[in-house]
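A short worksheet on the structure shown next.
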Amino acid sequence: MKLTDLDIIVTAPPAPGWGGQYWILVKLTTDTGIVGWGECYASSVGPQAMTHVIRDVFERYFLDENPENIERMFRRTYSSGFTQRPDLTVMGAFSGLEIACWDILGKDRDRPVWALLGGMMNERVRAYTYLYPLPHHDMAEFWTSPEMAAECAVAMVDKGYTALKFDPAGPYTMRGGHSPAMFDISLSVAFCKAIREAVGDRADLLFGTHGQFTTHGAIRLGQAIEPYLPLWYEEPIPPDNLLEFQKVAEAVRIPLATGERMTTKAEFATLLKTGGASILQPALGRAGGIWEMKKLAAIAEVFNAQMAPHLYAGPIEWAANIQLSVSIPNVLIAETIETEFHDKLIKSTITVEDGYVPAPSAAGLGIDVDEELARAHPFTGDGLHLMMQDAPSSYQTANAFVGGAPLKT
């Protein structure tokens, strides 16, 4: 069996766009007629440029190769152009192609991907959701309203979710880490207090940030929210100096979680060796794919660390996250995004049931992709998957993070 063809679809989820401005879907076909689907989560170049990168990686390292040879294709791509070091763009391209190979292998053997990764460890995977506005909420006001967040939290817990993520600490900017303003700290405390009072002990609180803060700023904010016992404090500092995470971890009594902007086991290993994070959040469409993150899960076991696959993308990456999660003993929880478009794109083949995702039983990734729907929503904008704010955070007026909702162009 050999890989013979690649097709790339850049699809744009309808407004409000939870999951990013666009999703880059890849479709691989073998000489035996088997089709595999993957998703590339990379946003450092535009989707048109990324399409060329994906095709280049495919033609150099995947074309005419047996899809079984995951390790060989990884080493060739990882070493591409005399590198042998983490590269977000190249590994983003590789990751989507690698996921599609696993989909092919599962379909060829008529088995779910998890069965090829050591078998079933977990019959179901605990899921969490971000707190997004309910239909009657004012979108602009929601992100700075502890009361609306608490109302949404109750609704999500009533659906079965046992963990809820929110980020009231202000926007991320291209300027890197900053010290939080006092009103950012006060608002963060108010969110934690309101949500904890609303849901009690029925759900864990997942305090999200997006690398907004300096090391001392992250410590200051983290210590302020400690009384509400969040399950984690997510990416409190930028990921460009992984050694600094250790300082935050030692000063704040909340487990640190991070990883959505990292790639390959090499970067994550630095956090594990220094004790900088005990919860790893790889985005499988960027971090090196399923096999690379299976390796990371094994390394994390040795450090008594847990895996919590990240999702701010489409449902194909989600499917890969679930397949991995079913197969590993140290999965904590997996992020999910429930929108009508996410669900329709995979024809409801994987769903959340009472706060958990049952282990898929269908072959491959366990999904049925609606290719026609994906092509019917082409991306026509000129932005990136996510956009960094250019202006600095304010110390005179309130800041707001708007939940990753992209600007529609």
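The values are calculated or read from the model by the stated rules, or taken from the named source; none is laboratory data. Bear in mind that the values here come from a model prediction, so they are computed numbers and not experimental data. Cβ atoms come from the backbone with ideal geometry, glycine included; neighbour counts cover every protein chain shown.
Things to note:
- Total residues in the range 190-238, condition of a type in the set (A, V, I, L, M), surrounded by fewer than 20 Cβ atoms within 10 Å (Cβ to Cβ) and under 22 Å from residue 277 (Cα atoms): 3
- Members of the range 12-70 found to be more than 29 Å from residue 335 (Cα to Cα), out of contact with any strand residue (DSSP E or B) (no Cβ under 9 Å at 6 or more places or on another chain) and crowded, with 18+ Cβ neighbours inside 10 Å, listed by number: 61
Residue-by-condition table, conditions (1) assigned to a helix (DSSP H, G or I); (2) within 17 Å of the chain's Cα centre (by Cα):
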| residue | (1), (2) |
| --- | --- |
| 295 | yes, no |
| 299 | yes, no |
| 318 | yes, yes |
| 324 | yes, yes |
| 348 | no, no |
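- The listed residue being among the polar types (S, T, N, Q), surrounded by 19 or more Cβ atoms within 10 Å (Cβ to Cβ) and in contact with a Pro (Cβ under 9 Å, 6 or more places away or on another chain), out of 144, 77, 129, 89: 144
- Search result, residues across the range 97-139 that are aliphatic (A, V, I, L, M), in contact (Cβ under 8 Å) with a residue 24 or more places away in the chain and more than 22 Å from residue 232 (Cα to Cα): 97, 99, 100, 104, 105, 113, 117, 120, 121, 139
- Against the criterion of being out of contact with any Leu (no Cβ under 7 Å at 6 or more places or on another chain), buried (at least 18 other Cβ atoms within 10 Å of the Cβ) and of a type outside the set (Phe, Trp, Tyr), residue 105 does not qualify.
- Within the range 156-170, being at pLDDT 95 or above and on the phi > 0 side of the Ramachandran plot holds for one residue alone: 160.
- Residues of the range 270-293 that are part of a loop (DSSP other than H, G, I, E, B) and either out of contact with any Asp or Glu (no Cβ under 9 Å at 6 or more places or on another chain) or among the hydrophobic types (A, V, I, L, M, F, W, C) (or both): 277, 278, 283, 284, 287.
- A count restricted to the range 247-298 and to residues that are crowded, with 24+ Cβ neighbours inside 10 Å and among the polar types (S, T, N, Q) stands at 4.
- The range 314-349, subset without any contact (Cβ under 8 Å) to a residue 40 or more places away in the chain and within 20 Å of residue 291 (Cβ to Cβ), residue surrounded by the fewest Cβ atoms within 10 Å (Cβ to Cβ): 330
- Residue check, residue 2 surrounded by fewer than 24 Cβ atoms within 10 Å (Cβ to Cβ), within 22 Å of residue 371 (Cα to Cα) and either out of contact with any helix residue (DSSP H, G or I) (no Cβ under 9 Å at 6 or more places or on another chain) or modelled with pLDDT under 95 (or both): no
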